[in-house]
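The values are calculated or read from the model by the stated rules, or taken from the named source; none is laboratory data. Please read these numbers as outputs of a predicted model, since none were measured by experiment. Ideal geometry is used to build each Cβ from the backbone, glycine not excepted, and the neighbour counts take in all protein chains shown.
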Amino acid sequence: MANARLSRRDFLKTSGSLVVAFSFGPLLETAGRAAMADGAALKAVSLDQVDSFLSIGVDGTVTCYSGKVDLGTGVRTALTQIVADELTVALDKVRLIEGDTLLTPDQGPTYGSLAIQVGGMQIRQAAATARAALMSEAAKRWQVAPGELTTADGAVRTKSGARRISFGELVGGKEFSLSLDTGAPLLDPAQYRFVGRSISRLDIPGKVSGEFTYMQDFRVPGMLHARVVRPLAIGAQLASVDESSVSGIPGLVKVVRDGNFLAVVARTEWGAIRAAQQLKASWSDWSGLPDESRLWEHVRATRIVKNDITSNVGRTEQALPRAAKRLSATYDFAIHTHGSIGPSCAVAEFRDGKLTSWSASQATHNLRKQLASMLSLPEDQVRAIYVEGAGCYGRNGHEDAAADAALLARAVGQPVRVQWMRADEHGWDPKGPPTLIDLEAGLDTAGRVVAWHSQFYVPAGAAGTVPLVTAQLASLPHETGMSPGNIINDTALPYAFPNVLTVAHRLADTPLRPSWIRTPGRMQNTFANEAFLDELAIAAKTDPFEFRVRYLDDPRGIELLKRLQAFAKWQGRTSSKHSGGDTVTGRGVAYVKYELYRTYVGAVATVEVNRTTGAIRVKHFAVVQDCGQIINPDGVKNQIEGNVLQTVSRTLKEQVTFDRSRVTSVDWASYPILTFPEIPDVDIALIDRPTEKPWGAGEPSAAVVPAAISNAVCDAVGVRLRSVPFLPQKVLAALKSV
C-alpha cells in the first residue's frame, strides 16, 4: 500500500529497476533525471516512444507500462504473454504497471474489447522495436552483422551460440530514447512460447488466498471515510441541512455541502454510515422522469436530432411493396444497470495542491481530465491510478465515486475514501439506455429475402466522457452531452440481401443518465436482427442455419456456422416444434460478426419453458468463436463463459424500474440477477488463427445470447419473445395470444 503514495522518483528507486534503455547514438547516462523534483516527467508516456511502454532493469526484469487495464478479464496475463514472447524473456521476468496516468501512456479507455486488439498490439510493436534495438547495439559492440544475432531467454546471442550478453548487461541504467517503429519485424508466431497457450491467470492465486487488494479494500495512511447523502429525487434541489442532527455521532469530521452535493466525513466508515442515515435535510420535489408504464411511447415520441443511415443497399423502399410476403415486428430492450457486485469505491488525496485519485476507473486518463476540469486544476496536477474493483466493467459508478472523494478530500484537507452503498450503485450509476427497434422485411414466392428495413431508436452521442454526477450536483464544470457508447454498431447486417436500409434515429434525450454496459448497442441490435431473421426463416420454411449461410458471402462466417452446426449437434428443421407438455425444450441459433469487421461468434441455446408458470430455464449454450490469433485460450473461454452467464441474467431477469422521481430498483430484490442454481452449462469451441491479428474477446459473445434464447423459446412453444427481459408474465401473455 505504501507504494501507492510514492513519488515518481521514489517509485523508480524502490521498484528494483531503473528506466533503462539507449539510443542508436552515444549511450547517455540518465542518473541525473532521477534527481528531478517530485512530479517531474521522469519517463515518457507518449504513444510514439518505446520508453512509454517498456523498461528493462539491470537484473533483466522487464516492466510493461499499459494504459489499458485488467478489469478482471485476464488482460494482465495476456499482456505478460505478449511481452514475454516478443522480447524472448521468461514470463516471471515481466511485470505490469497499468492505468497510472503518471507512468503509463494514454492508450484509450479499456472498453470495446480493444485491450488486446489495440493496446496489446501497441505493446507488442514496442517490444519488437526494443528487441531490434538490442540486437543492433550488441552487433555494434561485437562488430558483427545484426543478421548473425538472435535473442533468447532475455539475452542477445550469436546464432552459433559462441557469444551471449543479457539485456540487463547490455542496457543497464540507460533509456531507449527510441521512437516506436511500426515496421519493426515481429517474431514468427511459430516461435512463440507463451502466446496461444493457456497460461494460468496471474491474479487468481492472490484472489483465492485473499492477498489481492481490490479497490474496496484499498487504504492510505490518515484516511477518512465518507458517504454521500443522495437527493430524494434525481433533479431535486437541496433546501436546508440540519447539521445538529448528527452532532452526537462519534468521530464525525464534517458535513460538506456544495450546491446539491451533500456528504458526511468521519474517522470511521461506520461513523460515516450512521451520519448519512441520521442527517436531516430537506429537498424540493421533482418528477421529471417519464411514466415507466409508457416508456416505449416516450422513446418513440422523443425528438430525433439526426438519422444515421448505417447501410443502404439497393432500393428498399421500392422493393418492399413488391414482396410476395411482408413481415414486420417491433423489438425492445430494457434499461439496464451495471449491477456491480462490489459497489463503487475511490480514495483521493490532496498533497501540496496536487490530487491523487485511486479508483477502478476503466479510463484513468479520461478521469484525470474530468477531475482537473471539475476542480479547476491543471491536468499535470492530477494523477489517477487504477486499482482493480470487485465488480468493474463498463462505465459504472467508479468515476463518480472518484469525483466524490476528490471533492471531499479538498474540503477536509485529508485523504478521503468514498464507498458507495447498494442503493447508490443501483440508483445513481449511469444506465444502459432503452432501445426500440422496428423491423420490416419481404420474401418472394420462393422464400428468398428481397428487402430488409430496420429503424433503431437510440440516444444521440457515442462513447466519450460521461458527466460526473458529483459535478452535476455541485454545479461544477462538467460535460453536458450524452455518452451512451457506440450503440449503433451492428445495426447493419452481415447478410447479403439485395435491398437493405438500416437507420438509427438519434434521440435528443433518454430517461436516465446513459453510459455503456457490456456489449453496448451490439447486444440490443443483434438481438433484434437475429431474432427477426429467424422469423423470416420460419416464414420461408427454411432451417435457420441454412437460411443464414445462404446469405453470407464471408468464408470465415460460413466456416464458423458450419462448425457450430456440428459442434452443437444441430438437427435441421424448417419450423418450430410447438412441443406439447407442461415443460418443453427448444433450441435456437444466433450469429454475429462483431461490428461487421472483427470477431465471429455463433451460439446455440437450449432452453426449457414452463407453460404453466411462464418461467424460462436456459439449460445449455454451445458457442464457437473466431477472434483471430488467440493469446490465452483459457482466458478467452473465461470471457465467453462470463458473457453467457451475465447476458442470460440480463435477458431473463434484469430491468431498471423507476417512478417519476427516481430509480426504484435499488437492491437485489427489485433488480434480481441470475443465481447459481440457474447457471447453464456452456461448451466452447475456439477457432485459432495464429498468423492473424488478434481481435477482441471481452464482449462479442454476449451479443448473440438474447436472440439465441428468443429463437429457442419460439422453437419450444411457438411464440416469439421480442421484449427483454423475458419475464414469466411476458411468456404467459405471449402464450395466451396464440
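Some notes on this structure:
- For region 676-694, the count of residues that are assigned to a loop (DSSP other than H, G, I, E, B) and surrounded by 21 or more Cβ atoms within 10 Å (Cβ to Cβ) is zero.
- Check on GLU175, among the charged types (D, E, K, R), in the same structural domain as LEU71 (by TED's automatic domain parsing) and in contact with a Lys or Arg (Cβ under 8 Å, 6 or more places away or on another chain): no
- Looking only at region 134-164, and only at residues there that are free of Cβ contacts under 8 Å to residues at least 60 places away in the same chain and among the charged types (D, E, K, R), the one that is surrounded by the most Cβ atoms within 10 Å (Cβ to Cβ): ARG157
- Filter result for GLY397 (buried (at least 21 other Cβ atoms within 10 Å of the Cβ) and not assigned by TED's automatic domain parsing to the domain that holds VAL656): yes
- Any hit, region 438-448, residues being in contact with an Asp or Glu (Cβ under 9 Å, 6 or more places away or on another chain) and charged (D, E, K, R): no
- PHE167 satisfies every condition listed in (1) more than 27 Å from ASN489 (Cα to Cα); (2) surrounded by fewer than 23 Cβ atoms within 10 Å (Cβ to Cβ); (3) touching a helix residue (DSSP H, G or I) at 6+ places or on another chain (Cβ under 9 Å) except (2).
- Hey, TRP452 of a type in the set (A, V, I, L, M, F, W, C), in the same structural domain as ALA276 (by TED's automatic domain parsing) and in contact (Cβ under 8 Å) with a residue 24 or more places away in the chain or not: no
- Odd one out for LEU102, checked against (1) at pLDDT below 95; (2) more than 30 Å from PRO146 (Cβ to Cβ); (3) among the aliphatic types (A, V, I, L, M): (1)
- Residues satisfying the stated conditions in region 617-674, i.e. in a helix (DSSP H, G or I) and within 18 Å of THR606 (Cβ to Cβ): ILE640, GLU641, ASN643, VAL644, LEU645, THR647, VAL648, SER649, THR651, LEU652
- Filtered residue count, region 634-670, keeping only those that are hydroxyl-bearing (Ser, Thr, Tyr), within 22 Å of GLY614 (Cβ to Cβ) and more than 21 Å from the chain's Cα centre (by Cα): 3
- Some residue of region 235-254 being surrounded by fewer than 12 Cβ atoms within 10 Å (Cβ to Cβ) and among the hydrophobic types (A, V, I, L, M, F, W, C): yes
- The one condition in (1) over 26 Å from the mean Cα position of the chain (by Cα); (2) surrounded by fewer than 24 Cβ atoms within 10 Å (Cβ to Cβ); (3) of a type in the set (Ser, Thr, Tyr) that THR465 fails to fulfil: (1)
- Residue in region 325-348 that is out of contact with any helix residue (DSSP H, G or I) (no Cβ under 7 Å at 6 or more places or on another chain), farther than 27 Å from ILE437 by Cα and either surrounded by 13 or more Cβ atoms within 10 Å (Cβ to Cβ) or among the aliphatic types (A, V, I, L, M) (or both) present: yes
- Taking the conditions (1) surrounded by fewer than 20 Cβ atoms within 10 Å (Cβ to Cβ); (2) farther than 30 Å from ARG76 by Cα in turn, ILE204 satisfies each one other than (2).
- Number of residues in region 595-645 that are surrounded by 24 or more Cβ atoms within 10 Å (Cβ to Cβ) and in contact with a Cys (Cβ under 9 Å, 6 or more places away or on another chain): the value is 3.
- Within region 646-669, the set of residues being closer than 19 Å to PRO290 by Cα and loosely packed, with under 15 Cβ neighbours inside 10 Å comprises THR657, ASP659, ARG660.
- Taken across region 692-702, residues that are more than 30 Å from LEU187 (Cβ to Cβ) and in contact with a Gly (Cβ under 9 Å, 6 or more places away or on another chain) do occur, with at least one present.
- The residue that is surrounded by the fewest Cβ atoms within 10 Å (Cβ to Cβ), counting only those in region 79-115 that are under 16 Å from the mean Cα position of the chain (by Cα) and among the aliphatic types (A, V, I, L, M), is LEU114.
- When residues in region 383-428 are screened for being in contact with a strand residue (DSSP E or B) (Cβ under 8 Å, 6 or more places away or on another chain) and of a type in the set (S, T, N, Q), 2 of them pass.
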